[in-house]
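Beneath this line is the structure, given in structure tokens, with notes to follow.
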Amino acid sequence: MELSRRKFLEITAASAAASTLPMAKVAGKSPTPRNKTANPLVVASANGLPGVAVAYKKMAEDNADPLEAAIAGVNLQELDPNDQGVGLGGFPNELGVVQLDASCMHGPSKRAGAVGALEGIATPSLVAKAVMEHTDHIFLVGQGAKQFALKMGFKEQDLLTEKSRQAWLDWRRTLNPGDNWLDPDDDRFIQQSAGTINMCALDAKGDIGSVTTTSGLSWKIPGRVGDSPIIGAGQYCDNTVGAAGSTGRGEANIKVCGAFFVVEMMRRGMHPREACLEALKRTIEMTESRLLDEQGRPTFYVNFYALSKDGKHGGATFYGPSAAQRPRSYGTYAVADDQGPRLEKLYYLFEDYERPRKMMF
Ligand code: GLY
């Protein structure tokens with residue numbers, strides 16, 4: 001779905017109009033009631049396609065709570081050793097240790113939980129939920145998060161799979177030409193990557209939950225946490241408005257509190273996809289010049305995804321899909337509703353042919 005110039009201007013005009021709304025009027029606006037016959041809705045990053053089907057089924061057939069449904073959805077990826085962006089099998093940090101981040105919010109109870117740099121537990125989303133449910137805190141990190149998880153009955157395991165250990169080793173060997181590690185025979189360039197999953201769920205009653213989980217940036221400095229466990233950046237949920245989340249370069253999103261920003265734009269009346277585009281524009285405005293090309297466009301990725309309480313959804317990314325180099329799921333997000341699970345197109349700010357040549361994570 002290409003964002004035509006006309007559409008873009010419409011969106012920009014709507015954004016401008018929304019941003020001039022007086023705060024008192026915004027604050028006084030009553031939440032959109034959810035239609036009593038409404039169906040559940042689940043929205044996620046594209047890697048959540050199997051998960052949105054699980055989350056939808058849980059809400060539609062078992063009447064599950066929306067946060068429980070969303071977490072069940074992301075657990076699929078967290079426990080999949082072949083998914084190198086989250087949980088078991090995630091890419092490790094620069095020392096070869098897998099450190100996981102996650103956060104969640106529960107709309108009806110207005111509660112939140114998060115963990116950062118968690119080692120040895122495959123499902124940080126469930127540990128974040130345990131922090132939310134069993135403590136007066138919101139955010140536990142490192143050894144404290146792990147000790148808490150073990151006390152709550154989570155089982156410790158080695159999260160570094162052979163595939164991810166090999167990828168780390170390849171990266172380590174190619175790092176410095178003059179070090180004591182012998183380079184591989186081929187001439188590979190091992191890029192950094194991250195494979196976060198965000199999922200937001202709306203049940204038929206209009207209650208909302210959101211979760212984001214990740215192994216973060218591959219080869220990161222130990223202790224680094226990205227946006228995923230930051231409430232308001234990696235995900236955010238307001239039961240009167242909607243929910244939003246993000247994937248991509250956490251360092252860029254943290255500075256704009258992107259998920260919170262998207263929800264606030266929806267509160268002012270924006271469609272979820274317009275709100276996501278607006279958050280991307282703000283992200284660029286807040287990016288240091290070393291990460292922008294000569295035309296002021298980002299040389300990294302950030303995506304936003306959102307759903308509103310009245311059942312609308314959308315997502316946006318910086319660049320349109322490439323013809324050849326991208327996997328089929330690039331430029332899409334996952335949705336499940338009464339029409340079934342599917343990938344839908346992300347809106348975007350820049351045409352693909354304008355994509356800066358040297359893109360980093
Ligand atoms: N968005 C995932 C990260 O930056 O860690």
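The values are calculated or read from the model by the stated rules, or taken from the named source; none is laboratory data. Here the structure is a predicted model, which means the values were calculated and not measured. Please note: Cβ atoms are built from the backbone with ideal geometry, for glycine as well, and neighbour counts cover all protein chains shown. When the accessible area is computed, the model is the full protein with side chains, heavy atoms only, and any ligands, DNA or RNA have been set aside. Shrake-Rupley method; radii C 1.70, N 1.55, O 1.52, S 1.80 Å.
For a quick check of your reading: which strands (runs of 3 or more DSSP E) sit entirely within segment 105-212 and have at least 1 residues that are open to solvent by 10 Å² or more (accessible area, probe 1.4 Å) and not small (Gly, Ala, Ser)?
Numbers: elements: 111-118, 139-141, 197-202.
Because the criterion is at least 1 residues that are open to solvent by 10 Å² or more (accessible area, probe 1.4 Å) and not small (Gly, Ala, Ser), the strands (runs of 3 or more DSSP E) in segment 105-212 that meet it are 111-118, 139-141.
Report, by residue number, each residue of segment 292-316 that is modelled with pLDDT under 95 and not in a strand (DSSP E or B).
Asp293, Glu294, Gln295, Gly296, Arg297, Thr299, Phe300, Tyr301
For the structure I just gave you, tell me whether Trp219 is farther than 30 Å from Pro272 by Cβ, in contact with a Pro (Cβ under 8 Å, 6 or more places away or on another chain) and either within 16 Å of the ligand (Cβ to nearest atom) or open to solvent by less than 20 Å² (accessible area, probe 1.4 Å) (or both).
Working: farther than 30 Å from Pro272 by Cβ: yes; in contact with a Pro (Cβ under 8 Å, 6 or more places away or on another chain): yes; either within 16 Å of the ligand (Cβ to nearest atom) or open to solvent by less than 20 Å² (accessible area, probe 1.4 Å) (or both): yes.
Judged against the criteria, Trp219 is a match.
With assigned to a helix (DSSP H, G or I) and either under 30 Å from Val97 (Cα atoms) or open to solvent by less than 10 Å² (accessible area, probe 1.4 Å) (or both) as the only criterion, which of Val263, Val225 stands out? I'd like the intermediate steps shown before the answer.
Working: Val225 fails: assigned to a helix (DSSP H, G or I).
Testing whether each residue is assigned to a helix (DSSP H, G or I) and either under 30 Å from Val97 (Cα atoms) or open to solvent by less than 10 Å² (accessible area, probe 1.4 Å) (or both) leaves just Val263.
Assuming Leu76 fulfils every condition listed in (1) open to solvent by 30 Å² or more (accessible area, probe 1.4 Å); (2) modelled with pLDDT under 95 apart from one, which condition is it?
Against the list (1) open to solvent by 30 Å² or more (accessible area, probe 1.4 Å); (2) modelled with pLDDT under 95, Leu76 comes up short only on (2).
Say we look at segment 226-252 and pick out the residues that are of a type in the set (Gly, Ala, Ser), in contact (Cβ under 8 Å) with a residue 40 or more places away in the chain and more than 10 Å from the ligand (Cβ to nearest atom); which of these is farthest from Leu280 (Cα to Cα)?
Checking each candidate, the answer is Gly242.
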